[in-house]
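Presented below is the structure to which this report refers.
The values are calculated or read from the model by the stated rules, or taken from the named source; none is laboratory data. Predicted model only: the values in this text are computed from it and were never measured. So basically every Cβ, Gly included, is an ideal-geometry build from the backbone, and we count neighbours across all protein chains shown. Only protein heavy atoms, including side chains, enter the accessible area calculation; ligands, DNA and RNA are left aside. Shrake-Rupley method; radii C 1.70, N 1.55, O 1.52, S 1.80 Å.
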Amino acid sequence: HFLVIPVRTTLLPSFLPSLRSAISAFPLSSPHRRSRSSSAAMARASLARGLLWISVLASVFSLPARSFYLPGVAPEDFHTGDELKVKVNKLTSTKTQLPYSFYSLPLCRPGKIVDSTENLGEVLRGDRIENSPYVFKMREPQMCKIVCHTKLNEKTTKAFKEKIDDEYRVNMILDNLPLVVPIPRLDQENSVVYQQGFHVGLKGQYAGTKDQKHFIHNHLSFTVKYHKDLQTDSARIVGFEVKPYSVKHEYEGEWKGENTRLTTCDPHAKRAVTSSETPQEVENKQDIIFTYDVEFKESDVKWASRWDTYLLMADDQIHWFSIVNSLMIVLFLSGMVAMIMLRTLYRDISKYNQLETQEEAQEETGWKLVHGDVFRPPSNSDWLCVYVGTGVQFFGMLLVTMIFAVLGFLSPSNRGGLMTAMLLLFVFMGLFAGYAATRLFKMFKGTEWKKIALKTAFMFPASVFVVFFILNALIWGEKSSGAVPFGTMFALVFLWFGISVPLVFVGGYLGFKKPAIEDPVKTNKIPRQIPEQAWYMNPAFSILIGGILPFGAVFIELFFILTSIWLHQFYYIFGFLFIVFVILIITCAEITVVLCYFQLCSEDYLWWWRSYLTAGSSALYLFLYAAFYFFTKLEITKPVSGILYFGYMLIGSYGFFVLTGTIGFYACFWFTRLIYSSVKID
């Protein structure tokens with residue numbers, strides 16, 4: 001037995017082949033490497049092997065010695081003649097965003113429909129995995145296999161036409177691999193892109209007519225790719241592809257079920273279905289015969305690398321452009337912060353510390369002048385504590401999720417794993433939310449920490465739950481499989497009330513019992529009058545300006561995330577995403593520090609809320625970009641689908657607001673304490 005632990009990293013896509021070939025090697029002691037001419041590639045391959053061995057040694061010392069695979073499921077070996085069961089998943093459409101169960105259409109059914117057990121993330125995604133009548137024999141090709149025969153009526157005809165109009169796709173699964181349709185790329189020779197699932201049908205015209213007709217894909221030509229073990233003669237499935245056809249099947253004599261001999265395709269005469277056949281029209285009282293072929297092809301792709309064809313990005317240059325664009329913003333802000341910290345602040349602190357006479361002290365201007373008010377608790381300080389605590393919870397959830405994703409533990413091979421992990425991590429991060437909220441609350445001289453903990457436990461989750469419940473009711477009204485069942489809804493409520501709320505209170509208790517954070521300077525009893533501000537220091541203006549740069553650092557990567565979610569494409573470039581996430585943190589911190597310094601220099605000491613809103617305003621630009629994406633990239637026409645899109649993007653923007661706002665707040669909090677602890681206050 002061997003340990004097969006692929007360490008997936010998309011940080012540097014240019015060396016993925018070296019990394020993944022090292023990872024997928026059997027045995028581990030002699031990894032196969034593709035030839036690389038550059039020394040950099042060799043170094044990267046060495047790094048990949050190092051990461052591999054670290055993972056293997058850690059697993060050996062921490063777990064019993066048995067073969068397993070991370071992430072995903074354990075590999076399964078098939079011998080010639082072994083049964084391969086194809087499962088069906090939901091019907092999906094990028095035009096409606098409403099998934100439906102496979103058997104919501106009158107398609108071929110097995111004798112008994114058996115539901116597979118889905119995890120929490122799969123249910124929330126609308127996955128409904130069931131068995132199907134498509135059954136193969138390993139490495140035994142089949143031609144023109146009849147699945148079933150059906151006669152359309154008005155109801156079924158209408159259902160098929162609606163799904164074809166909305167461009168619904170059929171999704172299937174074999175050995176945990178999704179069914180894909182290979183589509184040749186026009187811009188590159190010998191290169192293909194993979195579309196998840198095949199369309200239910202298509203619309204077209206007969207030659208010489210202008211009437212639009214609906215045609216159904218009733219013949220499927222499957223290709224199962226396998227990697228053969230030369231020693232045992234067993235094989236592992238590494239690819240599952242299909243080419244759909246619309247064929248008006250014909251037969252002679254009486255219908256004999258699966259034994260009927262068709263004239264349009266005949267395994268005995270070796271006549272296969274081609275695209276030149278007469279298509280099967282979808283009309284009332286039409287007979288439709290569903291058939292399939294299956295072909296087996298040997299592949300050099302190893303089982304541990306079988307997802308690479310789905311996950312490798314052909315256009316990774318745009319991601320590097322995104323990172324370079326973001327780094328330019330970071331360098332610009334870093335230069336400003338360095339100038340403020342090393343030159344201006346150093347000069348200010350030296351000048352303030354050298355003021356000796358009372359007359360000189362009375363003539364001081366700038367940020368030192370507000371030292372007696374800068375740490376005065378803000379208005380609505382309890383809500384600031386709640387939002388900061390929620391932001392800490394969100395930040396912790398994203399950071400841990402990102403780390404696990406970069407390490408490869410949240411591969412798309414584990415459907416629903418990413419969403420399940422994010423939900424559970426958010427729940428358990430409630431401990432840190434309560435701690436951060438009450439810790440800040442105690443610094444504001446607050447005493448009723450339980451109220452703060454209660455607000456922290458309910459404010460963000462309750463807001464999201466209300467929006468989610470309304471959207472779920474709309475999905476129920478459309479009879480979509482995307483509607484969350486009652487049992488799953490109960491599980492979500494249990495996670496909230498049974499785990500998250502108690503953890504918030506535990507964290508709140510721990511945070512409040514800690515000694516209060518002491519202010520570097522004493523606060524005056526009477527608040528100082530804030531002078532009239534210039535137009536460019538207007539709070540609304542500076543807040544809106546501050547949100548542009550954090551959004552600018554992430555908006556290119558945001559395009560790919562939205563495409564993954566709403567156009568049903570794989571997103572597995574977490575290495576890029578992690579870099580962008582780090583850049584986002586730095587950008588939020590630096591822009592807030594810069595604007596906070598300018599605000600204090602203008603003798604405005606109300607920085608608490610403004611620091612939060614400065615970075616948090618980037619969420620407004622995110623929502624506006626989501627609206628732009630909706631009208632320029634999506635073809636959604638149904639009102640319900642539009643409401644779903646903007647409802648979910650509202651939730652996402654709200655989460656982005658508390659995340660970036662909290663980062664900005666803590667950066668400004670650290671900055672003000674640093675500069676005021678560096679000057680002598682008489």
Seminar exercise, completed: At R0 = 35 Å the Cβ-Cβ FRET efficiency linking residue 277 and residue 82, nearest 0.05, sits at 0.65
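Between residue 670 and residue 155, how high is the FRET efficiency from 1/(1 + (r/R0)^6) when r is the Cβ-Cβ distance and R₀ = 45 Å? Nearest 0.05. Could the numbers behind the result be given before it?
Details: r = 65 Å, r/R0 = 1.45.
So the FRET efficiency works out to roughly 0.10.
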Exercise. For the stretch 79-206, what does the alpha-carbon gyration tensor say about shape, rounded, prolate or oblate, given a ≥ b ≥ c as the root eigenvalues, a/c under 1.5 as rounded, and a/b over b/c as prolate?
Worked result: rounded
Seminar exercise, completed: The answer for the chain, counting only DSSP H helices whose Cα atoms cover 24 angstrom or more along the axis and whose Kyte-Doolittle average is -1.0 or greater, is 39-62, 317-338, 381-406, 449-477, 539-566, 574-601, 639-676
For this session: Using a Förster distance of 51 angstrom, determine the FRET efficiency expected from the C-beta separation of residue 336 and residue 491, and round it to 0.05.
Result: 0.60
For this session: Compare 217, 227 by solvent-accessible area with a 1.4 Å probe and give them largest first, with all protein chains kept in place.
Result: 227, 217
For this session: Express in whole angstrom the spacing between the alpha-carbon centres of the stretch 385-437 and the stretch 290-310.
Result: 34 Å
For this session: Starting from the Cα coordinates of the chain, work out the convex hull volume and express it per residue in Å³.
Result: 205 Å³
Seminar exercise, completed: Expected unfolding gain across residue 344-residue 513 under the 0.36 nm per residue rule, minus the alpha-carbon gap, is 57.0 nm
For this session: Could you list, by residue number, the cysteines of the chain that have no other cysteine's beta carbon within less than 4.7 Å of their beta carbon?
Result: 385, 588, 601
For this session: Can you tell me the order of 291-302, 89-100 when each peptide is scored by its average per-residue count of other Cβ atoms within 10 angstrom, highest first?
Result: 89-100, 291-302
Exercise. By accessible area of protein heavy atoms, probe 1.4 Å, what ranking do 163, 225, 203, 445 get, highest first?
Worked result: 445, 203, 225, 163
Seminar exercise, completed: Dividing the mean separation of Cα pairs under 8 Å (6+ apart) by the residue count of the stretch 398-493 yields a relative contact order in percent of 15 percent
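Among 340, 329, what's the order by accessible area (1.4 angstrom probe), most exposed first? Display every interim value, and only then the final one.
Numbers: 340 5, 329 25 Å².
Highest to lowest solvent-accessible surface, that is 329, 340.
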Exercise. How much accessible surface area, in Å² rounded to 10, belongs to the heavy atoms of residue 232 with a 1.4 Å probe?
Worked result: 80 Å²
Exercise. Just how large is the dipole of the chain about the Cα centre, in debye to the nearest 20, putting +1 at every Lys and Arg Cβ and -1 at every Asp and Glu Cβ?
Worked result: 860 debye
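Net charge near residue 255, counting Lys/Arg +1 and Asp/Glu -1 over other residues with Cβ under 15 Å of its Cβ? Provide the component values of the computation, followed by the final result.
Values: positive: 151, 256, 261; negative: 250, 252, 254, 258, 287.
Local net charge: -2.
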For this session: Would you calculate, for the chain, the mean residue ellipticity at 222 nm contributed by helices, counting each DSSP H stretch of 4 or more residues as -39,500 (n - 2.57) and dividing by all residues, to the nearest 500?
Result: -15500 deg cm²/dmol
For this session: Please give, to one decimal in nm, the separation of the simple spin-label points placed at residue 191 and residue 284, each 7 Å out from Cα toward the Cβ.
Result: 5.0 nm
For this session: Would you check the accessible area of residue 328, probe 1.4 Å, heavy atoms only, in square angstrom rounded to 10?
Result: 110 Å²
Problem set entry | Inter-part distance where the stretch 588-642 and the stretch 215-237 are each reduced to a Cα centre, Å | 49 Å
For this session: Please calculate the 1.4 Å probe accessible area of residue 537, with all protein chains present, and give it to the nearest 10 Å².
Result: 20 Å²
Exercise. Where does each of 167-175, 516-524, 620-628 land if you order them by average Cβ count within 10 Å, highest first?
Worked result: 167-175, 620-628, 516-524
For this session: For each pair in 90/285; 145/213; 450/514; 85/145; 95/479; 445/522, compute the distance between the two Cα atoms and list the pairs where it is over 19 Å.
Result: 90/285; 145/213
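Could you tell me whether the stretch 415-502 comes out rounded, prolate or oblate from its Cα gyration tensor? Rule is a ≥ b ≥ c as square roots of the eigenvalues, rounded for a/c under 1.5, then prolate if a/b exceeds b/c, otherwise oblate. Walk me through the numbers before you get to the answer.
On the way: a/c = 3.19, a/b = 2.17, b/c = 1.46.
The shape class here is prolate.
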